[in-house]
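Nothing in this text is a laboratory measurement; each read-out follows from the coordinates by a stated rule. Because the structure is predicted, anything quoted here is derived from the model rather than measured. No Cβ is skipped: glycine too gets one built from the backbone with ideal geometry, and neighbour counts run over all protein chains shown.
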Amino acid sequence: MTAEIATVSEPILRQPPVMPGLPLLGSAIPFMTASGLPIDFMNEAAARYGGLVHFKVGKQSFYLVSEPDLAQEILVKRVNDFHKNQVDAAKPKLLGRFLGKGILTADHEEWRPQRKLIQPLMHTKHITGYADTMANFGLKLVDLWGESAERDIHADMMQVTMWIIAETMFGMDVTQTPTLAAAAHDAQTIAVADLKSPLPDFLTHGRDRQAVEINKVLTDLVHHFMEERRTHGNEGRSDLLSLLMETRDEDGNPVSDDYVRNNILTLFFAGHETTANTLTWTFRYLDQNPDVVAKLQHEVDSVLGGRLPTLDDLPNLPYTLMVIKETMRIEPTVAAFPRFIGEDTSVGDYQLEGNSVIFISPYVLHHDPRWWSDPNVFDPEHFSAENEPNIPKYAYLPFGGGPRVCIGNHFSMMEAQILLAVIISRYNLRLASDKPVVPLRLITSSPKGGLPMRVTHRSA
Ligand code: HEM
């Protein structure tokens, strides 16, 4: 008998197409001139080259993935090969400057125990109890509106989602919202600058100084919460703040104040601004689509008849949910998120350079005409019972995917559905100005300068 020798052939790797740019500078100009992330430029690049595109900004390599299978490989199958932080960075950068190694920013081993601790708090059985809180805060907001008023809807959505996250996660009122919102905005601006214009450490003093100031505001705020809890005790609470403050490490010692601080801030940032922006975009698109508003109001009126929505009503408000899902498709609040590459590696059959950044862009995936009919048109029917099952996996990624998928996805969907129902059943909202609404796509995307709208009570 002759022995057969099995040979496993290595896949032949190819170089991804490089987006043409200027000599030496590469794509530096579109990267630097975009006021946030260069999403429109990325979208164009993906339409031209598909699959995986390579951008050079000076010597730094960036890649953009626009193939669902490749996104799945990075987020699910080879999650340990792609990092949340710049590998071997001497000092923290991006959101890590502000959130340290909390659950959103920590890499693999440091991340796992934090996810294990926080995940149960987001379990469906836990969050269903929050439905009434969400509806009541929605009502508290619209009670400020009176019969008719001009409001910055973005500021209002930030306010109501802040009330909700503070109450549900931390069991307390937050009065410092404007300071926190400004600090969050400035933090994102620095994080995006770190991402798209990486500088050697000796040139980042300006950003470092600003980050120290922002961190002071953030740390003072969290310490205020922690002090209050230490003074008054947990009073039998099982919210996130109590859980974190009671966490013990493997040796039974309390975790550091920094650990508590980083996760509290992460949940504050990740947990309210994202939903606030989603709702803000919803109202912006509704303004352009009166037919959708009519259908939405018909649904909420017939199901709720003017009362506040409860958890049990949500399955009976499917069109409301379709409107939210469509908003998260057309203007996903996290338009792109990065993974960092240490050593040379590959994805699919593409070669990737070490020390580079690879973007997965929900925005780009959500505008791909291969998966979406009329991708630039706001149409909740993309998510009808008939159409939704045909969306390929990983072609719709508003919450990311794999083990690092958003921990708050159920919380925020429930929150958005409830708040939209509360507001739209009581008020008509119209843009208050003809000025174009321009997206500012930082870590999360919001309308630049807010969203002034005229709100009018439906009985007026
Ligand atoms: C519309 C609302 C939301 C959107 C669009 C959104 C989007 C995302 C995305 C895209 C990621 C993955 C980032 C990555 O892989 O790099 C993520 C992670 C995360 N989100 Fe959300 N999010 C939303 C709401 C929330 C809420 C309400 C909370 C908390 C209450 C939350 C907490 C988190 C946390 C802690 C992570 C990190 C999870 C981990 O790495 O284990 N998010 N989110």
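Once you sort the root eigenvalues of the Cα gyration tensor of the range 305-385 as a ≥ b ≥ c, which label holds: rounded (a/c under 1.5), prolate (a/b larger than b/c) or oblate (the other case)? Walk me through the intermediate numbers first.
Numbers: a/c = 3.69, a/b = 2.31, b/c = 1.60.
The shape class here is prolate.
Rounded if a/c is under 1.5, else prolate if a/b beats b/c, else oblate: with a ≥ b ≥ c from the C-alpha gyration tensor eigenvalues square-rooted, which is the range 28-457?
On the way: a/c = 1.55, a/b = 1.12, b/c = 1.38.
Verdict is oblate for the range 28-457.
Report the charge-dipole magnitude of the range 247-373 in Debye, nearest 20, computed about the Cα centre from +1 at each Lys and Arg Cβ and -1 at each Asp and Glu Cβ.
Working: 9 positive and 19 negative charges, 105 e Å.
With Lys and Arg at +1 and Asp and Glu at -1, about 500 debye.
Output the 0 to 90 degree angle, nearest 10, between the alpha-carbon long axis of helix 257-268 and the longest principal axis computed from the alpha carbons of the chain.
Compared with the principal axis, the helix lies near 70 degrees.
Which far-off residues, 5 or more places away or on another chain, put their amide H under 5 Å from the one on Val347, with H placed in the peptide plane?
When sequence neighbours closer than 5 places are left aside, the close amide H contacts are Leu352.
Could you run the Karplus curve 6.51 cos²θ - 1.76 cosθ + 1.60 with θ = phi - 60° over the range 323-332 and give me ³J(HN,Hα) per residue in whole Hz, x for Gly and Pro?
Listing the rounded values in order: 5, 5, 4, 5, 4, 6, 7, 6, 9, x Hz.
Mean separation of Cα pairs under 8 Å and 6+ residues apart, divided by the residue count of the chain: what relative contact order is that in percent? Provide the component values of the computation, followed by the final result.
On the way: 665 pairs, mean separation 119.4, N = 460.
Worked out over the chain, it gives 26 percent.
Per-residue ellipticity at 222 nm for the chain, helices alone: DSSP H runs ≥ 4 residues times -39500 (n - 2.57), over residue total, nearest 500 deg cm²/dmol? Numbers along the way, then the final one.
Details: 17 runs with 198 residues, N = 460.
Roughly -13500 deg cm²/dmol at 222 nm, from the helical runs in the chain.
What number comes out for the charge environment of Phe31, summing +1 per Lys or Arg and -1 per Asp or Glu over other residues with Cβ under 14 Å away?
On the way: positive: Lys56, Lys59, Lys196, Arg441; negative: Asp40, Glu44, Asp194.
It works out to a net charge of +1.
Under 1.5 on a/c is rounded, so check that first for the range 419-460, then, if it is not, pick prolate when a/b is larger than b/c and oblate when it is not; a ≥ b ≥ c are the square roots of the alpha carbon gyration tensor eigenvalues.
Working: a/c = 4.72, a/b = 1.72, b/c = 2.74.
Since a/c reaches 1.5 but b/c is at least a/b, the shape of the range 419-460 is classed as oblate.
Please list the non-local residues whose amide H lies under 5 Å from the amide H of Tyr63, H modeled 1.01 Å from N, same-chain partners needing a gap of 5 or more.
Residues meeting the criterion, in which the H sits 1.01 Å from N, are Phe55, Val357, Ile358, Phe359.
Please report the spacing between the Cα centers of the range 15-57 and the range 388-420 in Å, no decimals.
Between the Cα centre of the range 15-57 and that of the range 388-420, the gap is 27 Å.
In whole Hz, what ³J(HN,Hα) sequence does the range 107-120 give by Karplus (6.51, -1.76, 1.60; θ = phi - 60°), x for Gly and Pro?
Ordered by residue, 3J(HN,Hα) equals 8, 2, 5, 6, 6, 3, x, 6, 4, 4, 6, 8, 3, x Hz.
Can you give the charge dipole size of the chain about its Cα centre, rounded to the nearest 20 debye, using +1 on the beta carbon of Lys and Arg and -1 on the beta carbon of Asp and Glu? It would help to have the intermediate numbers written out before the result.
On the way: 42 positive and 57 negative charges, 127 e Å.
In debye, rounded to 20, the chain gives about 620.
Using +1 at the C-beta of Lys and Arg and -1 at the C-beta of Asp and Glu, which of Val303, Cys406, Asn390 has the Cα lying farthest in the positive direction of the dipole of the chain?
Final value for the positive-end residue is Cys406.
Picking from Leu317, Thr33, Ala135, whose Cα lies most toward the positive end of the charge dipole for the chain (charges on Cβ: Lys, Arg +1; Asp, Glu -1)?
Working it through, the farthest residue towards the positive pole turns out to be Thr33.
Determine ³J(HN,Hα), in whole Hz, for all residues of the range 23-29 in sequence, where each value follows from phi through the Karplus function 6.51 cos²θ - 1.76 cosθ + 1.60 and θ = phi - 60°; x replaces Gly and Pro.
Values, residue by residue: x, 6, 7, x, 8, 4, 5 Hz.
Could you give the nm distance between label points at Ala294 and Asn316, where each point is 7 Å from its Cα heading toward the beta carbon?
Placing both labels 7 Å beyond Cα along the Cβ direction yields 2.4 nm.
With a 10 Å radius around each residue's Cβ, average the other Cβ atoms per peptide and rank 97-106, 422-431, 269-278, 290-299, highest first.
Details: 97-106: 22.7, 422-431: 20.4, 269-278: 26.3, 290-299: 15.1.
Ranking the peptides 97-106, 422-431, 269-278, 290-299 by packing returns 269-278, 97-106, 422-431, 290-299.
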